[in-house]
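Only one structure is covered here, and it is reproduced in the block below.
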Amino acid sequence: MSTQGLRAPLIAMIVAAAGVAPAFAESALVRTPAEFTSALARVQPGDTLTLADGEWRDFQAVFTGVGAAGRPITLTAQTPGKVILTGRSNLSMAGEHLVVSNLVFRDGFSPTGEVLSFRKSRTERANHSRVTGVVIDGFSKPDRAESDNWVALYGHHNRFDHNQLTGKTNAGTTLVVIRDPEQGLENRHAIDHNYFGRRAVLGSNGGETIRVGTSHASASSSFTTVENNWFEQCSGEVEIVSNKSGGNVYRGNVFFESQGALVLRHGDDNLVENNVFIGNGLPNTGGVRVINRRNTIRNNYMEGLAGSNFGSALTIMYGVPNSPLHRYVQVDGAVIENNSFIDVREMSFGAGMDAERSAAPVNSRFVGNLIVNRDGRDPVRAQGDMSGVTFLRNIQSPKATQSGVLGRKVTLARGPGELLLPKGLKGFGVGADMTFVGREQTGVSWYPKKKAVVALDSGAVHAAAPGEDTLTRAIAQAAAGDRIMLQPGVYIVNQIVSLNRAVTVQGPVKGRAEIQFSRPSLFEIGGGAALRLSRVTISGALAPDVAGAAVLRAGQGAAGYQLIVEDSAFEDLTVNRSFNVFAAGPGSLADRIRLERVTVDKATGSVIAAHTETADLGAYNAEVVEVIDSTFRDVTGPVLDLYRGGTDESTFGPRLILTGSTFERSGRADDGAFKLYGVQRAQIRGNRFVDSGAPNFFRRVGDPVFIWSGNRLEGTPDLITNVKPLEVAP
Ligand code: CA
C-alpha cells in the first residue's frame with residue numbers, strides 16, 4: 001500500500017465524490033482539513049488517507065471508519081516527522097480496524113480533555129484499532145492545574161505502540177485506559193514499545209504516566225498488557241503507573257530515573273515481571289507497591305532506587321478490613337519471587353499501617369529474592385505483623401536479619417544489558433535474570449527522544465551598560481542559555497520582564513550594579529524558564545505603592561521553572577505594606593528556588609512567599625527551596641512562607657534546606673520568622689535568629705523529616721511545632 005498518494009490523487013477523489021466510491025481509491029493525499037473530511041467520507045477498508053507534509057494548525061481531526069481485519073483504514077503522514085499538528089489540535093477516532101501513524105503534536109495543546117482519543121463521543125469508540133509512531137512533544141495546556149489526558153484508550157482490542165510521549169507539564173495522565181461497564185470491561189489493549197519521556201514533578205495527584213481503570217470498576221479485569229515500554233524521568237507523582245483494574249500484565253518495561261513507583265493500587269490477579277527499575281540514587285525513585293489480592297511480582301530488577309515508605313523499591317502495604325473500593329484492599333496471596341534489589345534504600349513491609357489500615361498481608365510469599373547493598377546497610381524495614389508472608393530461599397548481602405533470608409557476602413558483576421548479576425550463585429535460584437527492551441527499540445527513530453533543555457549559562461555572553469531600559473533590551477535579545485553581564489552603575493527597568501527561557505543576569509566582580517524598577521515586579525518567570533541573578537543589588541525605591549508587589553514572581557500556572565539568586569542584595573522593599581522578594585503565582589510550581597549569600601534589608605512582605613495552593617489537595621508552589629548563608633534584616637515576614645495543605649499522599653514535596661543564615665528583627669508578626677506548613681522534608685541547621693519571631697513548622701500529612709540542629713535563638717521565642725524534630729549533629 002502506498003503512503004505517497006500517487007495512485008489516487010485527491011482530484012480523482014473529488015471527481016468521484018458524486019458517484020459510487022471507485023474500487024481503485026486506495027490512497028489519498030490530503031492537504032487541508034476540508035480535503036481530509038471529504039476524502040474520509042468515501043474510504044473503504046484497506047484505504048489510506050495521507051496528510052501532506054507541513055504544519056496542520058488548529059486541526060481537530062475526527063477519524064472514523066469501518067475497516068476489516070487485515071484491511072484497516074489508515075491515517076498517516078506523507079513523511080514521518082514532517083506532518084506537525086500545532087496550535088489547538090487533537091485527534092479522535094471511532095470505528096473498527098483503524099490505524100493512525102507517524103504524526104507529531106507539538107507547539108500547542110488540545111482544546112479538549114484529550115489529545116488523542118480512541119473515541120469520538122460517549123457512544124462511538126474505536127475497537128481493534130492501532131496508533132503507532134505518533135509523537136506528542138510538550139503539547140501541554142499552559143496552566144499546570146488545567147487537566148487533560150494526552151492519550152485515552154477506550155473500547156477494546158486496541159494497540160498503542162512505538163509512540164513517543166514527552167514533556168507533559170499539566171495535570172492529568174499521560175495515557176489512561178478508560179473502562180466502560182456498558183460496552184464491556186475486558187479491554188485487552190496492548191501498550192508496547194512506547195517511549196514515555198520526561199514528565200516533571202506535577203506537585204499534586206493526577207501526574208500518573210499510565211493509569212489503567214478507576215477504583216469503582218476495579219473488581220473486574222481489564223486484561224491490558226503494558227510491555228516493553230521505556231519510562232524515562234517520568235516523575236509526575238508517586239504513581240508512575242497506577243493500576244486500578246485486574247488481570248493486567250506489566251512486562252519487560254524499563255523505568256529509568258523516574259520518581260514514584262508502579263503501584264498496584266486497585267484490582268487483583270495482576271502480573272509484574274521482567275521489568276527493570278534504575279534510579280541512579282535520585283530522590284524518590286521507587287519500584288513496585290503491592291496492595292490487593294493474588295498479585296505476582298517476579299523476576300524484576302531494581303538498582304539504585306532511593307525512594308522510601310510508599311515509594312520504596314518494594315512496598316507491601318497494610319490494608320483496610322472490608323475495604324471500600326477506593327481505599328486499600330488487604331494484601332492476600334501476593335507472590336514476590338526472584339527479584340533483585342541492588343543498592344536500594346528501602347524495602348517497606350507493612351507500609352501505611354495505621355488505625356484504618358490495620359489488616360496485615362496474608363497468604364503471601366517472598367521467595368528467591370536477592371538483596372545486595374554494597375555499602376552494607378540493611379534496606380529491609382518491616383512494621384507490624386509479617387507472619388502472613390512466607391520468606392524462603394532469599395539471599396541478602398552482606399548480612400540478613402529476617403528469617404527466611406540467608407545472609408552471605410555476594411559480589412556482583414555487570415552482565416548483559418549492564419545489569420548487576422551475582423557471582424557464584426548459579427543453582428541457588430535467586431534474583432532476576434532477564435533481557436529487557438532497549439531504549440532505541442521504543443518510540444520512533446525519526447524524532448529525538450529528549451527535548452533539549454537549554455541550561456543556564458550554556459550560551460553567549462552579552463554586556464549591558466547602565467541606563468534606562470538597557471537591561472530590558474538586553475534580556476529581550478538574549479537567547480536561551482545566554483548571560484548578560486552588567487557593568488557597574490544603575491539600571492532602570494520600566495516594564496515587568498517576562499521570562500520564558502534560561503537567562504543569567506550577572507553584575508561585576510568589582511563595583512556595584514544596582515537595578516531599580518518602576519512596575520510592581522521586575523521579573524515574571526514563566527513555565528520551564530530559569531533565572532539566575534548574581535552579584536546584583538535590587539532596590540525597591542522606584543516601585544509603585546501596590547499591595548502584594550514582588551521583585552520576582554512566577555506567573556499563574558507556571559510549572560517546572562528555576563530561580564537562583566547568588567551574592568546579591570535586595571533593599572528598600574518598603575513602599576507598600578506587603579512587598580515580597582519572591583511570590584509564587586496561583587497554580588505555579590518551581591522545580592527549585594535557591595538563595596545563596598543573599599542579603600535582604602527592609603522588606604514589608606516575605607522573602608519567599610509560596611502559599612497560593614490553598615485548595616488543600618496536596619499541591620504546593622515549590623518542590624525544592626534552598627536558602628544558604630543568607631541574611632535577612634527587618635523583614636516583616638514570615639521570611640519563608642511555604643504551604644502544602646490537605647491529606648493527599650501523591651506528592652513528595654516541598655523540601656527545604658535552610659542553613660548558615662541569619663534572621664535579624666524579622667518575622668515579628670503572628671506567623672513568625674518562618675512558617676512551614678505541610679513541608680515534607682526540612683533540614684534547618686546552623687542558623688541564627690536575633691530579636692525575631694518564632695520559627696514555625698507544622699506537620700500536615702505523612703511522615704515528614706524535620707531536622708532542626710545547631711540553630712541559635714537570641715531574643716527570639718522557641719520553635720513552635722507539632723512534631724518532634726530530629727536532632728542530628730550539626
Ligand atoms: Ca495518583
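The values are calculated or read from the model by the stated rules, or taken from the named source; none is laboratory data. It should be emphasised that the depicted structure is a prediction, and the values quoted were computed from it without experimental measurement. FYI the Cβ positions are ideal-geometry reconstructions off the backbone, even for glycines, and counts take in every protein chain you see.
Key figures
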item	result
Answer residue from segment 263-285, given it is over 16 Å from the mean Cα position of the chain (by Cα) and within 16 Å of the ligand (Cβ to nearest atom) and is surrounded by the fewest Cβ atoms within 10 Å (Cβ to Cβ) among those	Arg265
Residue within segment 167-181 that is of a type in the set (Ser, Thr, Tyr), assigned to a loop (DSSP other than H, G, I, E, B) and away from the ligand (no atom under 16 Å from the Cβ) present	yes
Gly246 being buried (at least 24 other Cβ atoms within 10 Å of the Cβ), away from the ligand (no atom under 16 Å from the Cβ) and of a type in the set (Gly, Ala, Ser)	yes
Which numbered condition His216 fails, given (1) in contact (Cβ under 8 Å) with a residue 60 or more places away in the chain; (2) in a loop (DSSP other than H, G, I, E, B); (3) away from the ligand (no atom under 15 Å from the Cβ)	(2)
Among the candidates Gly236, Gly260, residue that is in contact (Cβ under 8 Å) with a residue 40 or more places away in the chain, within 15 Å of the ligand (Cβ to nearest atom), of a type in the set (Gly, Ala, Ser) and assigned to a loop (DSSP other than H, G, I, E, B)	Gly236
Selected residue (only one of Thr721, Thr716 is buried (at least 19 other Cβ atoms within 10 Å of the Cβ) and either of a type in the set (Val, Ile, Thr) or on the phi > 0 side of the Ramachandran plot (or both))	Thr716
Total residues in segment 39-80, condition assigned to a loop (DSSP other than H, G, I, E, B), touching a Gly at 6+ places or on another chain (Cβ under 6 Å) and polar (S, T, N, Q)	0
Whichever residue in segment 182-208 is among the charged types (D, E, K, R) and either away from the ligand (no atom under 16 Å from the Cβ) or outside any strand (DSSP E or B) (or both) and, among such residues, is surrounded by the most Cβ atoms within 10 Å (Cβ to Cβ)	Glu208
Strands (runs of 3 or more DSSP E) contained entirely in segment 84-126, each with at least 1 residues that are in contact with a Pro (Cβ under 8 Å, 6 or more places away or on another chain)	90-96, 98-101
Tally of residues being more than 20 Å from Arg553 (Cα to Cα) and outside any strand (DSSP E or B) across segment 482-502	2
Condition check for Met1: within 25 Å of Phe160 (Cβ to Cβ) and at pLDDT below 95	yes
